[in-house]
Amino acid sequence: YKRVSSFPVGYVERLEMNSLDFEEFCWANGVDEQAIDYLKEYFINLKEIPSSIHNRMMELFKEYIVIGGMPRVVDEFVTNHNFESAIKLQKNIVSDYRDDIIKYAIDDDKSKIRDCFDSIPRQLAKDYKKFRYNLVDKNGNSKKYFGCLEWLYDAGIINFCHNLSIPESPLEGNSKDDVFKVYMKDTGLLMSMLEEGSALEIINGNLGIYKGAIYENIIADIFGKLGKKLYYFEYNSTLEVDFIIKYNNKVTAVEVKSADNTKAKSLNSIMKNWGLEQGIKLSSKNIGYSNSIMNIPLYMAMFL
């Protein structure tokens, strides 16, 4: 921004570009818009999806987690269906990001921005995923590093997810500026930053400490591409709900489950104690509905 002398006011149209979302990834893999519309009817009517369709969509969703939406990476995967070559391209992009930090950031911030970027997998590996500056630097604090996170956000690399003081409207007015999680905007790039073999573990449904974080990240990415600001609710370190969104004009709690075990104590608690009218559980299970909680497959987050 500092290198641009001025913008011609009244003559600039601003467009925000993202990597491919899940629907676009499906198009690239031969699932056309008509098929997506057909699938959406099951979502609208809360009707159980035929198992063959459900299984195929879950397969595509896991591939999307690993591949992400960078066009060149998707093209490589669709053409050759080779995870290794796609991941190699992702690692090159991540290296390019690090080079861009060196190229474009001001001198005093270069290493600090890079350290923040490299800390993201460590941040998400923790059970308590609030961004902690001491995971970047043992003497780190917001004064030293928050501007570096803003640089990564402005560059389109990360998303902020702010904690709410109370889960009610207006969400923006109840968010805490200094308490937040950080998610990568492209989950495929995050996967490429993890240890070798992580992609295969996701495809096989087993990723240990990272699994919850990866699935949270993909939903944060989907919500971000839907134009939603990201919020979560944590209370006294005893209750945490992954996301709070507005859905059908109602404040809605969203829990993300990476396994078939869909017990959600926090979701039930927040609805009971904070008076939320509806909740959503996203998991690998088929569609269901009970006690004002919608159970929907992870891939249907694109319809929210």
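The values are calculated or read from the model by the stated rules, or taken from the named source; none is laboratory data. This structure is a prediction, so every number in the text was calculated from the model and none was measured. Positions of Cβ are backbone-derived with ideal geometry, glycine not excepted, and every protein chain shown enters the neighbour counts. Ligands, DNA and RNA are excluded from the accessible area calculation, which covers all protein heavy atoms including side chains. Shrake-Rupley method; radii C 1.70, N 1.55, O 1.52, S 1.80 Å.
The figures follow:
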| item | result |
| --- | --- |
| Largest to smallest accessible area among LYS88, LYS272, LYS143, LYS129 [probe 1.4 Å] | LYS143, LYS272, LYS88, LYS129 |
| Alpha-carbon centroids, the range 142-172 and the range 262-297: separation in whole Å | 26 Å |
| Rounded to whole Hz, the Karplus (6.51, -1.76, 1.60) HN-Hα couplings of the range 83-98, x for glycine and proline | 5, 4, 5, 5, 5, 4, 5, 4, 4, 5, 5, 4, 5, 5, 4, 4 |
| Per-residue HN-Hα couplings for the range 134-151 [Karplus 6.51, -1.76, 1.60; θ = phi - 60°; Hz; x = Gly/Pro] | 6, 7, 8, 7, 4, 9, x, 8, 5, 4, 7, 10, 5, x, 5, 5, 4, 4 |
| The range 170-177 - phi-based ³J(HN,Hα) in whole Hz, Karplus 6.51/-1.76/1.60, Gly and Pro as x | x, 4, 4, x, 9, 7, 9, 4 |
| Charge context of VAL66, other residues only, Cβ under 12 angstrom, K/R +1, D/E -1 | -4 |
| Convex hull projection area averaged over all views, the chain, Cα basis, nm² | 17.5 nm² |
| Net charge contributed by nearby residues that have their C-beta within less than 9 Å of ALA264 (K/R +1, D/E -1) | +3 |
| Surrounding net charge for LYS250, when Lys and Arg each add one and Asp and Glu each subtract one, Cβ distance under 12 Å | -1 |
| Pairwise centroid distance, computed over Cα atoms, of the range 92-129 with the range 26-55, Å | 37 Å |
| ILE49 long-range amide H proximity, modeled H, under 5 Å | ILE287 |
| Lys, Arg +1 and Asp, Glu -1 on Cβ, resulting dipole of the range 1-134 about Cα centre, debye, nearest 20 | 800 debye |
| Global form of the range 133-283, assessed from the alpha-carbon gyration tensor, a/c cut-off 1.5 | oblate |
| Amide H partners (placed H, <5 Å) of TYR232, local residues excluded | HIS162, ASN163, LEU164, ILE244 |
| Accessible area (Å², 1.4 Å probe, nearest 10) - ASP108 | 130 Å² |
